[in-house]
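Below: the structure, in structure tokens.
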Amino acid sequence: MQSAARPSPRSRLRVLLPLTPLAAVLAAATLAAVLAQTALATAIYVVIAAAAGGMLGWRAGESRREALQREVDDQSGELHRALTELEIAQAETVRRLSMAVEFRDEDTGAHIERIGRFSTLLAERVGLELELCERLSYAAPLHDVGKVAIPDAILLKPGALTAEERAIVETHTEEGHRLLAGSSSSILELAATIALSHHERWDGSGYPRGLAGEEIPIEGRIVAVADVFDALTSDRVYRAAYSVEQAVQMMRGQRGAHFDPELLDAFLDVLSRSGPDARPAAEPGALLASVAHTYLQAIERGDAVTAEGAIAQAIEDGVDATDLPTAVIEPALRRVAELRQRGALDADRERTAVVIARRVLATLRRYVAGRHEDPQALAGIDAAIVLVEERLDSAEPDGGAPRERAADAQAVG
């Protein structure tokens, strides 16, 4: 158990300085009482000395109380900063999971990042507290984390969903709330509310609870506006993206029906100021270097979620998806092979890294195929997939099938 910290010389000085005038009065009154020649004068000086002494004692106690309060405030501030950092770390962990889910849904994770930016700008525009706006920037991207519970056969279905399939997709709101609620983190609690309410509609026709108007939490109403705009202006398997002008016209038609009318008006103002991406430009070379570093670290430790999230973030930040196999994935595999040769990685860890690469490339291929008509766009990805399959075959140990299944399970899990 640590002992209490001793006050610093500076804090002691802050306590003593205010007492100096009172100490001088006390000393003068005491000296006068000693030198007084009459009883009355002595009594007066004694009363003055007593009053000064009492005031001196009170002031000393008050100064020390103020110093202790400052110390408590400083320590509380440090504790608040530590808790905030912990909350952000927790939210970042879930955000990486959300990015992996969106990447699996052919949206590269770009969607959740734009939702975070637009939601924060909209919250600031309508005058919400700065602390809530900051929490929203971390919480809003987690709105669709419940999709992790939706089967691929439904989530990735290219055609129209049946009524039963649509009902399953709609459960992602409650699944997301279940995953996020009950945390000690205010960010994750905010995210839980958003996950549950961002598909509610102003007129009460939304889901899962059919809330209407201001029954819907404002954070859910904010994310609903940002979510629909981004969905309309993004490509889908079954349609091309609408233009910004078309999306704005469609959303105006839902003012007071789907959307809170005041929030929609504020959002359109934000859109006119920030543009359709609400994102500052970034330098491509630095982006590639950053994603390559993050991706390599992720596959070295067998972290498939972070690896997918790094690729998704790169595409979101403007890196051409067709550049990623040669600029990021293949160099990372060569580095893993070097580490294996030096004995820094064992065979199982190497295999897990290659399995993760195969999984990322398969998703990346699906993403590029859905957005490029030119078959040559897939050439680099297909070549990388061949390389990965060859590495898996060459690394196949005796009785390798069970081991490959174990590596697959580790990569997925």
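Remark: spin-label model distance Gln254-Leu287 equals 2.8 nm, labels positioned 7 Å along the Cα→Cβ axis.
Spin-label pair Glu390-Arg209: with each label point 7 Å from Cα along the Cα-Cβ axis, the two points sit 5.7 nm from one another.
Each other residue within a Cβ distance under 14 Å of Glu129 adds +1 if Lys or Arg and -1 if Asp or Glu, for a net charge of -2. Taking a ≥ b ≥ c as the square roots of the eigenvalues of the Cα gyration tensor, an a/c ratio of 1.5 or more together with a/b larger than b/c marks segment 184-335 as prolate. For segment 115-156, a crude dipole built from +1 on the beta carbon of Lys and Arg and -1 on the beta carbon of Asp and Glu, taken about the Cα centre, is about 100 debye to the nearest 20. About the centre of its Cα atoms, segment 105-274 shows a dipole size close to 300 debye [charges on the beta carbon of Lys, Arg (+1) and Asp, Glu (-1) only; nearest 20 debye]. Descending by average beta-carbon neighbour count within 10 Å, the peptides 325-332, 376-383, 338-345 line up as 325-332, 376-383, 338-345, the highest first. About the centre of its Cα atoms, segment 182-237 shows a dipole size close to 100 debye [charges on the beta carbon of Lys, Arg (+1) and Asp, Glu (-1) only; nearest 20 debye]. Computed over neighbours whose Cβ is under 12 Å from that of Ile194, the net charge equals -3, Lys and Arg +1, Asp and Glu -1. If the chain linking Asp323 and Ala163 were pulled fully straight, counting 0.36 nm for each residue of separation and taking away their Cα-Cα distance, it would gain 53.7 nm.
Considering only Trp202, Phe229, Ile216, the residue lying farthest towards the positive end of the dipole of segment 155-271 is Phe229, judged by Cα position with unit charges set on Cβ. Listed from fewest to most Cβ neighbours within 10 Å, the set Asp260, Asp152, Asp303, Asp144 follows the order Asp152, Asp303, Asp260, Asp144. Label-to-label distance for Arg236 and Ala149 is 2.3 nm, based on points extended 7 Å past Cα in the beta-carbon direction.
Only residues of segment 110-131 count here: report those whose backbone N is under 20 Å from the spot 7 Å along Cα→Cβ of Glu262, or say none. Taking a point 7 Å out along Cα→Cβ of Glu262, the residues of segment 110-131 whose backbone N falls under 20 Å are 119-131.
Read-outs throughout are calculated quantities, based only on the coordinates presented, and are distinct from any laboratory measurement. Only a predicted model underlies this, so the values are computations on that prediction, with no experimental measurement involved. All Cβ positions, glycine included, derive from the backbone under ideal geometry; neighbour counts span all protein chains shown.
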